[in-house]
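The values are calculated or read from the model by the stated rules, or taken from the named source; none is laboratory data. Worth saying up front: this structure is predicted, and the values here are computed from it rather than measured. Positions of Cβ are generated from backbone atoms using ideal geometry, with glycine treated the same way; all protein chains shown enter the neighbour counts.
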Ligand code: URA
């Protein structure tokens, strides 16, 4: 088992030979009831070669309609946040979700639904092999880091992984949409601190700073 898989409580070897094989399997998946109402299985957007992976909770209506994660209001805010830190949404990041089908009414996916979908996320982590992983919101944080603490206490800290990958929880962009203040200490201000730190780490990885 790789250290990253072990520490993230993930299987070390996926049953797929590559991502395309996993995507094909996911598009046919009927492992849970979320398949019944879906229009699209929502797999990823961005660059499979990226060093940065962002994992959200699950698709909403816009994502279900388009087949792409984070394209609704929350996604547009995420793009703005990335752009403000000069993180290129096409080149620098691979974006996906814990569950690949929309939970009805945008409810939180159940533990069973997350468990059924886990193999797809494991394959994404294995094949993308990101150096930095951001967990957007408590659902992704709990699913991956297995911590129950409030996200406000966990966000902004790197969980160092032995193989060089670092994992950080960040606020979900929909939470920021509901909290407009930009004052020092506000959720938006904290997100800005977090994203600047992510950019700093990316620059280190890319050799553009020390
Ligand atoms: N929220 C998420 O967590 N993921 C999406 O893809 C869209 C909204």
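Tell me, yes or no, whether region 185-194 has at least one residue that is in contact with a helix residue (DSSP H, G or I) (Cβ under 7 Å, 6 or more places away or on another chain), surrounded by fewer than 21 Cβ atoms within 10 Å (Cβ to Cβ) and part of a loop (DSSP other than H, G, I, E, B). No, that holds for no residue. Can you find a residue in region 40-51 that is within 22 Å of residue 178 (Cα to Cα), touching a helix residue (DSSP H, G or I) at 6+ places or on another chain (Cβ under 7 Å) and touching a residue at least 40 places away in the same chain (Cβ under 8 Å)? No; the residues of region 40-51 include none that is within 22 Å of residue 178 (Cα to Cα), touching a helix residue (DSSP H, G or I) at 6+ places or on another chain (Cβ under 7 Å) and touching a residue at least 40 places away in the same chain (Cβ under 8 Å). Consider region 96-117. How many of its residues are outside any loop (DSSP other than H, G, I, E, B) and either away from the ligand (no atom under 16 Å from the Cβ) or under 14 Å from residue 169 (Cα atoms) (or both)? Total satisfying the criteria: 5. Checked against the criterion of being assigned to a helix (DSSP H, G or I), within 15 Å of the ligand (Cβ to nearest atom) and closer than 28 Å to residue 197 by Cα, the candidates 133, 55, 125, 81 yield just one match: 81.
Matching residues to (1) farther than 25 Å from residue 48 by Cα; (2) touching a residue at least 12 places away in the same chain (Cβ under 8 Å); (3) surrounded by 21 or more Cβ atoms within 10 Å (Cβ to Cβ):
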position: 99; (1), (2), (3): no, yes, yes
position: 110; (1), (2), (3): yes, no, no
position: 118; (1), (2), (3): no, yes, no
position: 125; (1), (2), (3): no, yes, yes
position: 139; (1), (2), (3): no, yes, yes
position: 149; (1), (2), (3): yes, no, no
position: 153; (1), (2), (3): yes, no, no
position: 160; (1), (2), (3): no, no, no
position: 166; (1), (2), (3): no, yes, no
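In region 120-130 there is no residue that is more than 16 Å from the chain's Cα centre (by Cα) and modelled with pLDDT of 95 or more. Residues of region 58-70 that are within 10 Å of the ligand (Cβ to nearest atom) and over 19 Å from residue 120 (Cβ atoms): 61, 62. Could you list, in sequence order, all residues of region 58-74 that are without any contact (Cβ under 8 Å) to a residue 60 or more places away in the chain and part of a loop (DSSP other than H, G, I, E, B)? Once the filter is applied, which keeps residues that are without any contact (Cβ under 8 Å) to a residue 60 or more places away in the chain and part of a loop (DSSP other than H, G, I, E, B), region 58-74 yields 59, 60, 67, 68, 69, 71, 72. In the condition set (1) touching a strand residue (DSSP E or B) at 6+ places or on another chain (Cβ under 7 Å); (2) closer than 23 Å to residue 47 by Cβ; (3) within 16 Å of the ligand (Cβ to nearest atom), residue 120 is compliant with all but (1). Taking the numbered list (1) away from the ligand (no atom under 16 Å from the Cβ); (2) in contact with a helix residue (DSSP H, G or I) (Cβ under 9 Å, 6 or more places away or on another chain) in turn, residue 35 passes all entries but (2).
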